[in-house]
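The values are calculated or read from the model by the stated rules, or taken from the named source; none is laboratory data. It should be emphasised that the depicted structure is a prediction, and the values quoted were computed from it without experimental measurement. Here the Cβ is made from the backbone with ideal geometry for all residues, glycine too, and neighbour counts use every protein chain on show. With ligands, DNA and RNA removed, areas are computed over all heavy atoms of the protein, side chains included. Shrake-Rupley method; radii C 1.70, N 1.55, O 1.52, S 1.80 Å.
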Amino acid sequence: MAIGTSEEIKQFQQTTTVGIIGLGVMGLMYAERFSAAGWHVVGCDRDENYEQFKTKYGDKFEVVKNGHYVSRVSDYIIYSVEAANIDRIVSEYGPSTKVGSIVGGQTSCKYPEIAAFEKHLPKDVEIISVHSLHGPNVDPTGQPLVIIQHRASDKSLKLVESIMSCLHSKHVHLSYQEHDKITADTQAVTHAAFLSMGLAWCSCNQYPWETPKWTGGLENAKINISLRIYSNKYHVYAGLAITNPSAHSQILQYSRSCEELFTLMIQGRKEELTERVMSAKKNVFGHLGKDHQLLLDDDLLQQYSLNNYPPGKRQPNSQLSLLAIVDSWSSLGIVPYDHIICSTPLFRIFLGVTEYLFCTPHLLEECLQVAISNNNFRKDDLNFVMASREWAFIVSYGDFKLYKTRFEKVQRYFEHMFPEATKVGNQMIKTILKRVKDREEKN
Ligand SMILES: NC(=O)C1=CN([C@@H]2O[C@H](COP(=O)(O)OP(=O)(O)OC[C@H]3O[C@@H](n4cnc5c(N)ncnc54)[C@H](OP(=O)(O)O)[C@@H]3O)[C@@H](O)[C@H]2O)C=CC1
Ligand SMILES: O=C(O)C(=O)Cc1ccc(O)cc1
């Protein structure tokens with residue numbers, strides 16, 4: 001860790017300008033927080049939105065017309081733009097970068113970002129990239145912040161870590177290759193699962209909070225997170241999956257696991273299903289000791305329901321989405337706990353929900369019994385399998401346009417519920433993150 005002392009930070013602040021290109025939700029969060037911590041911040045969004053941004057944020061930090069003006073005056077410049085456009089945008093503003101400054105980006109996949117920097121930035125410019133592993137509505141305190149010292153001196157790293165220190169995040173130092181492998185294992189597959197839930201509900205024309213089929217804490221978590229993802233912009237999820245080559249095989253494996261497990265269910269091959277699920281359980285959770293404390297439980301999550309009935313008791317179902325994630329982690333040789341240091345809140349929640357299903361006595365057995373014998377979930381599970389395959393194909397073809405069309409169709413279907421889902425989801429995530437923090441402090 002190379003954060004300066006508070007005295008050094010004060011000195012840095014007198015001579016340093018931090019530039020942000022792209023004032024969307026993440027860029028704005030950085031600009032506002034850096035400025036509030038005492039840094040001189042210069043930011044821009046698209047040229048055509050200059051007046052609007054200047055009027056709205058001009059009293060908080062300096063707003064300039066475009067990335068050329070940011071680049072010319074800033075000592076550390078962060079590109080916080082759509083991943084798919086990073087090459088074009090860096091090619092446009094990169095040559096204007098101030099001599100000797102440092103450049104980084106906030107995009108979720110680092111290979112194309114670093115490639116764009118190497119291609120378009122002048123050679124005297126250093127490169128240190130960042131990635132806050134959470135969305136804009138999560139308190140950055142204690143959340144992982146990846147820092148990639150790609151082409152830079154330790155002195156420059158100290159400056160960047162000093163700037164970032166006002167976020168109070170946990171700095172995690174990785175190469176861009178390590179970053180992309182870990183985020184493919186964690187974020188990309190997590191999103192594939194929640195995106196498939198939303199698409200499957202939409203295909204079945206079913207609002208999951210309206211039916212008693214999906215009651216209980218686990219279902220609440222799945223519904224809230226899926227809607228949370230669909231309430232955001234499509235490009236965040238499309239970018240991190242499509243631009244990351246490692247993510248393609250992970251998402252394909254997830255879809256394959258869904259299909260193969262579902263086949264065993266409808267063919268009534270209980271022994272094979274049980275053997276396969278139990279072997280995956282051993283690979284993924286086998287190392288946990290008897291005294292391992294579960295992150296989540298159904299009771300904790302029961303209150304975060306989107307329906308107006310009193311909190312409902314858990315209804316058993318086949319839990320195909322959770323069986324398939326453990327099966328794919330196992331097939332891919334991923335032990336998700338190894339990635340906790342570099343994980344997003346949604347990944348930790350997904351792991352918590354899965355861990356609850358697999359490690360609570362009798363729950364998994366009950367779920368396998370339902371999966372084999374109860375036909376009520378066949379249509380839902382079939383649609384889930386098709387949805388997971390559809391996302392896998394869209395990602396593997398690298399088709400941003402089709403991704404957008406699919407995503408926004410589901411988005412429109414759920415749109416009326418977003419305000420309530422965001423409110424309930426924020427409370428749920430706050431409770432879960434507090435529990436994680438309490439647990440860490442106890443250990
Ligand atoms: N949202 C999240 O939870 C997280 C996102 N990220 C990553 O951070 C990056 C930004 O994401 P996010 O803030 O969510 O996305 P947003 O779409 O909210 O922000 C991107 C902003 O950049 C603007 N922009 C586009 N072209 C230019 C340009 N040439 N010059 C200046 N600004 C431009 C966009 O304008 P317009 O909309 O008009 O195109 C938009 O306002 C992405 O790469 C994303 O993957 C990382 C961590 C978390
Ligand atoms: O927690 C998640 O997985 C999110 O969906 C928020 C998010 C989106 C993109 C990122 O690059 C990092 C975090």
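For the residues 175, 196, 71, a GNM of the chain with alpha-carbon springs under 10 Å puts the largest fluctuation on 175. Can you give the net charge of the other residues whose Cβ lies under 12 Å from the Cβ of residue 160, counting K and R as +1 and D and E as -1? Within the 12 Å Cβ shell, the charges total -2. When all protein chains stay in place and ligands, DNA and RNA are ignored, the 1.4 Å accessible-area order of 271, 8, largest first, is 271, 8. Seen through its C-alpha gyration tensor, with square-root eigenvalues sorted a ≥ b ≥ c, segment 106-240 comes out prolate because a/c lies at 1.5 or above while a/b is bigger than b/c.
Note on segment 285-443: lysine pairs with Cα distance below 18 Å, sequence gap of 8 or more or different chains, count 4.
Heavy atoms of the protein chains alone define the surface here; on that basis the chain has 43 Å² accessible area per residue at 1.4 Å probe size. Taking every C-alpha pair closer than 8 Å and separated by at least 6 residues, the mean separation divided by the residue count of segment 180-442 gives a relative contact order of 37 percent. Judged by the ratio a/c of the largest to the smallest principal axis of the C-alpha gyration tensor, segment 6-174 counts as rounded, that ratio being less than 1.5. Of the solvent-accessible surface of segment 124-208, computed with a 1.4 Å probe over protein heavy atoms with every protein chain present, carbon and sulfur atoms account for 50 percent. Ordering 149-162, 126-139, 290-303 by mean Cβ neighbour count within 10 Å, with the highest value first, yields 126-139, 149-162, 290-303. With a simple spin-label model that places each label point 7 Å from the Cα along the Cα-to-Cβ direction, the separation between residue 51 and residue 337 comes to 5.9 nm. Placing +1 on each Lys and Arg Cβ and -1 on each Asp and Glu Cβ, with no other charges, gives segment 180-442 a dipole about its Cα centre of roughly 500 debye. A P(r) calculated from all alpha carbon pairs of the chain, with 10 Å bins opening at zero, reads 4, 21, 30, 24, 14, 6, 1 percent.
Computed extension length for residue 373-residue 73: 101.3 nm, one decimal, from 0.36 nm per residue of separation with the Cα-Cα distance subtracted.
One Cα centroid belongs to segment 41-97, the other to segment 219-288; the line between them spans 38 Å. Globularity index of segment 160-286 is 1.31 (Cα radius of gyration / 2.2 N^0.38 Å, N = number of residues).
Sorted largest first, the spans of the alpha carbon positions of segment 361-430 along the three principal axes are 42, 35, 20 Å. The convex hull built on the alpha-carbon positions of segment 303-443 has an orientation-averaged projected area of 11.2 nm².
Rounded to the nearest 500, the helix-only mean residue ellipticity at 222 nm of the chain stands at -18000 deg cm²/dmol, with each DSSP H run of n ≥ 4 adding -39,500 (n - 2.57). Label sites at residue 85 and residue 111, each approximated as a point 7 angstrom past Cα along Cα to Cβ, lie 2.3 nm apart.
Helix 320-332 and the longest principal axis of the Cα set of the chain meet at an angle near 60°.
The mean sequence separation of alpha-carbon pairs under 8 Å and at least six residues apart, normalised by the residue count of the chain, gives a relative contact order of 16 percent.
Set the Cα radius of gyration of segment 180-442 against 2.2 N^0.38 Å, with N its number of residues, and you get 0.93. Length gained on full extension, residue 366 to residue 155, computed as 0.36 nm times the residue gap minus the Cα-Cα distance: 70.3 nm.
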